[in-house]
1. Just to check your reading of the model, which residue among THR737, THR790 is touching a helix residue (DSSP H, G or I) at 6+ places or on another chain (Cβ under 9 Å) and surrounded by fewer than 16 Cβ atoms within 10 Å (Cβ to Cβ)?
2. Report the residue count in the range 567-590 for those that are touching a helix residue (DSSP H, G or I) at 6+ places or on another chain (Cβ under 9 Å), farther than 30 Å from PRO401 by Cα and open to solvent by 10 Å² or more (accessible area, probe 1.4 Å).
3. Within the range 136-157, take every residue that is in a loop (DSSP other than H, G, I, E, B) and away from the ligand (no atom under 16 Å from the Cβ) and give me the one that is nearest to ALA191 (Cα to Cα).
4. Return the pair list, or none, for Cβ contacts closer than 8 Å from residues in the range 247-271 that are of a type in the set (Asp, Glu) to residues that are modelled with pLDDT of 95 or more and in a helix (DSSP H, G or I), at least 6 apart or on different chains.
5. Given the conditions (1) at pLDDT below 95; (2) out of contact with any helix residue (DSSP H, G or I) (no Cβ under 8 Å at 6 or more places or on another chain), report the number of the one that GLY660 does not fulfil.
6. Taking only the range 685-704 into account, find how many residues are open to solvent by 70 Å² or more (accessible area, probe 1.4 Å) and either in contact with an Asp or Glu (Cβ under 8 Å, 6 or more places away or on another chain) or in a strand (DSSP E or B) (or both).
7. I'm trying to understand the selection: among the residues of the range 90-112, which are in contact with a strand residue (DSSP E or B) (Cβ under 9 Å, 6 or more places away or on another chain) and either modelled with pLDDT under 95 or more than 16 Å from the ligand (Cβ to nearest atom) (or both)?
Amino acid sequence: MKQLRRIACLIFGLTLCSALGVFPASAQLNVLETSASVAAAEKSRPAAPTSPQLAEKHLNERVESLLKQMTLEEKIGQLAQYSAGSPTGPGTGRDDYGEMVAKGQVGSLLNVVGAKRTNQFQHLAVEKTRLHIPLLFGMDVIHGNRTIFPVPLGLAASFDPALVEATAQMAAAESRADGIQWVFSPMVDIARDGRWGRTIESAGEDPYLGSAMARAYVHGYQGTDLKNPQSVAACVKHFAAYGAPIAGRDYYAVDMSELRLRQFYLPTYHAAIDAGAATVMSSFNSINGVPASANPFLLVQVLRHEWGFDGMVVSDWGSVGELINHHVVSNGPDAAGKALTAGVDMDMESDLYRTRLMALVQRGDLPESVVDEAVRRVLRVKFALGLFDHPYATEGPVYQPTTEKRALARKAAEETFVLLKNDPAPGVGRALPLKPSKTIALIGPFADSKSEMLGSWTANGNPDDVVTLKAALQARLAETNGKLIYAKGTDILTDASSGFEEAVNAAKQADAVVVTLGESGSWMTGEAASRAHLDLPGNQEQLLEAVAATGKPLVLVLFDGHPLALPWAAEHVPAILEAWYPGIEAGPALADILLGTTSPSGKLVVEFPRSVGQEPLSYSQFPTGRPTGDLDLSHPPTNNPEKFRSRYIDESNSAQWPFGWGLSYTQFAYSVPTISATQISAESAMANHGTPQLKVGVDVKNIGAVASSEVVQLYVRTMVASVEQPERELKGFERITLAPGEQKHLEFPLGFEELSFYNARLERVLEPTTVQVWVGGSSEATQSAQFEITK
Ligand code: BGC
């Protein structure tokens, strides 16, 4: 026993064990008695390694040494995770895990809020358990911890990975200060079906953009060293293809070919793993009949063998237990055995690993080596985070969003807003920007709601930190002799129209009207919030129509996490600004845009449909044997040849607003793209994977009157291929800022990475063909050029 303690102290660091009073009095005596020999042993231990390889070796040695001392029960304890705070899944909200923690039956807790509370549990783990193994605390820090930034769908609309990385970095520092060392982010699921509620947590529909965002989050959270007290371990989720459930219904089955899986859905997870993500979360859904949380193809073949991932996999909430509901097993022991064997190292919340694995091993149904492997991965993350050396958070006063944090939140919000439409309105030129010296009516349930600005997953966010649009506009207009008249008009979901009259009267008295409408961020969008209707809930559309009937210049500001189908508004409202859920600086950021201090620059990362029946909807469409070409689709196909086409008889094929779309207060002129080589060789591109084979050049000029940012986008089409390829795919983008009259030359490299595709044998290849490229401000860019790929 003495010996074990001594070894434990060597592993955890002697200073920690004694200074923190880790041992009971008698044990401390033992430590003192043996301190001379321990000190000698410490001396003879090699100095802390510095190179990554050595660090790896050192880390593995510490893991192996600890693992050797663990009983089977202690090992299994490391694989169990429980929620000890507000539940984020089906459950009781129980938080009394102290006894289990003290017995070493828990490896990780989630949803524990604040440094004080995490420390309480941590003291039990470190001081009471035999081997003093610290807990790992996880939390859904999705778009900020206390400082809440725009929701991920909005952040992606910035097309600004550096910005996203900065928000993740800030979230990491705040989390670590709270005792959270592990965030369940980024969610990199590709979302192409607007009905899916969790579209809001995604970077949208595109694998190229999604991969850039995935890397940015991982770098922001993890930094260069997980031991840094400002870094947290990222968790890439939900592996895999969780965003493609049939009919957009959350948690439902995913059915797709392996080719499409690899082409569109896997690249974002792969990008996050390549960026160094420490952990992965297996998803709820089945894929081609096999639940992802017991899926050796995904978790062993793809993740570990093909991508070389050596981090830890945690199940999603209860997804090990849900294997029974999927009817792939009939009882708890089989569920636990199947999930662990398939590669799920930690069981979140289903309590099956803790209660079932022991018997499986003892009966000989599960080799202990499988348990060992999972435990190794858990311990590696804990060591890598430095938890054995610094298990506790510093308890200080509750921190507030500082000026610096607010500045980042405001910049982030401003970059995420997408100006969908800005037509001339009666008497004012374009409806936006608003004139600050005029009377503005501000209407709708979002204008003065603090909590609704935070969106779904708010971690430790506090609505009191939010500055609303009403507050910000009031302050701004007071500076410029303008006037604000506010009327809520209606609630988010109600039939009661008693507030309409006040709203209409406000509009009548105003020079311009801003109406704020949308979905509730907390319960109409996010997890378990898929929608079969993508309209404005309740009577909001009636309110909009009533206000529009006043004939006043009208601006609609949308708050939503689904891409809404709003045909009436698209036709009748002159200006529409998509705001998503902007976070704590919602008001100031929106006021800047509405009043023209800043020009809008966000671009859509999901297509906004004309009607819900078009979903799933993507700009990256496949060819068809019966294309519509340039046919006029605005009327029913009663006559040949329009009838026998791939089209709806009652709706256009195209989106209301396409991927990449977003206006500004200026105009940009694009040159015809130039290409640095007329042809490249497939063989040489394949042999030089990482090396660009040519560059696409373009000149972009601000030809309007105000400075603005623009997201320059490059799209590619492989014209002929053995497997049909999408009509356009994003393969490059850059956010630039141009003063009026300013011009910039941009170059986008293209090589194997961008131009290759999966053939029918699932090999990534280049084939001889013509490639067409477009560069412009949306996926409907028209300026194009071509080059050839030869053998
Ligand atoms: C969600 C995950 C989340 C987990 C823990 C699940 O219901 O799907 O995204 O990380 O709960 O809160």
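The values are calculated or read from the model by the stated rules, or taken from the named source; none is laboratory data. The structure presented is a predicted model; accordingly, all values stated were derived computationally and were not measured. Cβ: placed from backbone, ideal geometry, glycine included. Neighbour counts: every protein chain shown. Accessible surface areas use protein heavy atoms only, side chains included; no ligands, DNA or RNA. Shrake-Rupley method; radii C 1.70, N 1.55, O 1.52, S 1.80 Å.
1. Every option except THR790 fails the conditions.
2. Summing the residues that are touching a helix residue (DSSP H, G or I) at 6+ places or on another chain (Cβ under 9 Å), farther than 30 Å from PRO401 by Cα and open to solvent by 10 Å² or more (accessible area, probe 1.4 Å) in the range 567-590 gives 2.
3. Going through the qualifying residues, I end up with PRO150.
4. Matching pairs, first to second residue: ASP250/GLY197; ASP250/ARG198; ASP255/ILE246.
5. Tallying (1) at pLDDT below 95; (2) out of contact with any helix residue (DSSP H, G or I) (no Cβ under 8 Å at 6 or more places or on another chain), GLY660 fails exactly one: (1).
6. The total comes to 4.
7. Residues satisfying the conditions are GLY91, GLY93, ARG94, ASP95, MET100, VAL101, GLN105.
Results for (1) assigned by TED's automatic domain parsing to the domain that holds ALA425; (2) touching a strand residue (DSSP E or B) at 6+ places or on another chain (Cβ under 8 Å); (3) touching a residue at least 60 places away in the same chain (Cβ under 8 Å); (4) assigned to a helix (DSSP H, G or I), shown as yes or no for each residue.
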{"position": "THR490", "(1), (2), (3), (4)": "yes, no, no, no"}
{"position": "THR494", "(1), (2), (3), (4)": "yes, no, no, no"}
{"position": "VAL514", "(1), (2), (3), (4)": "yes, yes, yes, no"}
{"position": "GLY521", "(1), (2), (3), (4)": "yes, yes, yes, no"}
{"position": "LEU556", "(1), (2), (3), (4)": "yes, yes, no, no"}
{"position": "ALA565", "(1), (2), (3), (4)": "yes, yes, yes, no"}
{"position": "LEU577", "(1), (2), (3), (4)": "yes, yes, yes, no"}
